[in-house]
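What follows is calculated from the coordinates using simple rules that are stated; it is not laboratory data. For clarity, every value in this text was computed on a predicted model and none was experimentally measured. Reconstructed Cβ throughout: ideal geometry from the backbone, glycine too, with neighbour counts over all protein chains shown.
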Amino acid sequence: MAAELQIKRKPIFSQSTKYYFHSAIAILLMFTFRFIPPFNPMITETGMNALGIFLGVLYGWSFVGMIWPSLLGMIACGFTGIMTLQESFAMGFGSDLAVITIFVFMFAAFMEESGLNSYIANWFISRKIVVGKPYAFLAAMMLSGFVLSCFTQIFAAIVIVWSIFYNVAKEMGLQRREGFVNCTMFGILYSASLGAIVFPFSSFAIIALGLMKKATGLTVNFLTFSLFNLLACSIIMLLYWLACKYLFRPDTQKLLSTEDRFAYMRGVKMNKKQKSAAVGLGIFLTMLFLPGIFPNSSFIINQLKSLGVVGSVLLVMIAFMILRKDGSEGTEGILNFGDIARKGINWQVLVLLASTFPISSALESEQSGVLKAAEAFISSSISDLNPFLAMAFLAILVACLTQFTHNAVLLIIFIPMLCPIVISHGINPIVLVVTLLYASKSALITPAASTQAAMIFANTEWVEIKELFKLAVVGATIMAVVAVAIIPLANISSVA
């Protein structure tokens, strides 16, 4: 008997219909929410307008995309009466945070273009210590993702180390979606996520510290901040590594072979461009960290402090533009500004960040009353708690919310709102920022939690979703617990 025909039903609503539906809701929230009567006596009609813009943009970020909801939100801010349209865009794209983001993205693209990223990753997996030792190999893959993310860009780090692991897995006879592959794939992403908060020029740190500076006028000691994060991230990665070894216990038989398959990589030397990139990275880090080591009375140290992240990265980039590229007969610089601008700038992140400044300014304005109402609610929730419990409550709140809302969005919402509140409770705002950084990095359990979570949940070719969910729950729990545990230690020195 002929096989029965399988009739594939068409979905009731096409993807385009759903997209237009969500787009319409985002637009309606931005422009009609103002007509709803205020639900709090502190909030004005202007405040309802600002709140509608915020909710519309947030809805758009969640269901439509990052760019056009952000741009439309900036336009809407120009009609609130709080600022003009020109002021809205100047506030966003002219902000220190937007400028820092542009040039750090470009510098990270140069690091990748030079081949330094791949060299670092290959160096880790070719060490003799990993031969025949599965968990040493797992540690090497995680460390390579962590180091690349520290110095370049998180998503580039994940893709590069994943691609190296694909080749290693084939060489070692590992099957896709088997236990050790799941642990390693998630471990690479996990460690790369941590790398994005270590240094003050890392992507997430830029967002958090920039928002704190805008809210309080405070900056952080770069060296102390980095050393603290290196310690905290090392503890988190160690706990994940131990969970893989003693809790998940995947089959590692195929990696017990003592054949030194990657010995040839140990003889590979850096080429001239990779060496140049490594020297440039070293100079950049030195310029950032010296002000945290030596007293400010020194003229040179004061100048380096004035340069900050933007000035330091630009001077290194300018030096590479001046130096001539081999084989170009003096016509090209080592760094091509146009090329790395095209490759490096993540416009989704940049436009999202730019939009937060006029939107947050509208919410914080005296005319809206929204910030006062939010502060009153949160203050009443933590008023009877001691500082440690208050911060623990906020960390757990963010860790839970971030599983359903993009983690960068939550930082953008909470840091400007909470800084004045924690200061009024006698808490160093840097403690808040560091705690929320780690709480937000637990955004791993659902694809909506973060871009990196979406990346691995979409990679069903290599990971088993059921096992991935278990790994994500454990990884997120470790991150949230450490976020709470480090609160007493996060009292990092600040600079007014």
**Request:** Provide a single number: the residues in segment 315-324 that are touching a residue at least 12 places away in the same chain (Cβ under 8 Å) and either small (G, A, S) or not in a helix (DSSP H, G or I) (or both).
**Result:** 2
**Flag if S368 is in a helix (DSSP H, G or I) and in contact with a helix residue (DSSP H, G or I) (Cβ under 8 Å, 6 or more places away or on another chain)** = no
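Within segment 54-83, track down each residue that is among the hydroxyl-bearing types (S, T, Y) and within 23 Å of S16 (Cβ to Cβ).
Going residue by residue through segment 54-83, those that are among the hydroxyl-bearing types (S, T, Y) are 59, 62, 70, 80.
Selection gives Y59, S62, S70.
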**Message:** Looking only at segment 397-442, how many residues end up being hydroxyl-bearing (S, T, Y) and part of a helix (DSSP H, G or I)?
**Reply:** 4
**Message:** Going through F284, F248, F186, F204 one at a time, which residue ends up being within 24 Å of F414 (Cα to Cα) and in contact (Cβ under 8 Å) with a residue 40 or more places away in the chain?
**Reply:** F204
**Item:** Residues of segment 236-272 classified as surrounded by 12 or more Cβ atoms within 10 Å (Cβ to Cβ) and not in a loop (DSSP other than H, G, I, E, B), total
**Value:** 15
**Fill in**
Residue pairs qualifying under the 6 Å Cβ cut-off, at least six apart or on distinct chains, with the first in segment 126-142 being of a type in the set (S, T, N, Q) and the second being assigned to a helix (DSSP H, G or I), are S126/M265; S126/R266
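Inspect segment 103-112 for any residue being more than 25 Å from M212 (Cα to Cα), small (G, A, S) and crowded, with 18+ Cβ neighbours inside 10 Å and give the result as yes or no. Show your work before the answer.
Restricting attention to segment 103-112, the residues satisfying the condition of being more than 25 Å from M212 (Cα to Cα) are 109-112.
The next check asks that each one be small (G, A, S); those that pass are 109.
Restricting the remaining residues to those that are crowded, with 18+ Cβ neighbours inside 10 Å gives 109.
Within segment 103-112, one or more residues are more than 25 Å from M212 (Cα to Cα), small (G, A, S) and crowded, with 18+ Cβ neighbours inside 10 Å.
In segment 376-412, how many residues are of a type in the set (A, V, I, L, M) and touching a Leu at 6+ places or on another chain (Cβ under 8 Å)?
Pass one, segment 376-412, residues of a type in the set (A, V, I, L, M): 376, 378, 382, 385, 389-392, 394-399, 401, 408-412.
Within this subset, residues satisfying the condition of being touching a Leu at 6+ places or on another chain (Cβ under 8 Å) are 378, 382, 391, 394-395, 398, 401, 408-412.
Of the residues in segment 376-412, 12 are of a type in the set (A, V, I, L, M) and touching a Leu at 6+ places or on another chain (Cβ under 8 Å).
Of everything in segment 194-208, what is closer than 20 Å to I236 by Cβ and either in a helix (DSSP H, G or I) or out of contact with any Lys or Arg (no Cβ under 9 Å at 6 or more places or on another chain) (or both)? Give them in sequence order. Please lay out each step first, then the result.
First, pick out the residues of segment 194-208 that are closer than 20 Å to I236 by Cβ: 194-200, 202-205, 207-208.
Residues satisfying the conditions are L194, G195, V198, F199, P200, S202, S203, F204, A205, I207, A208.
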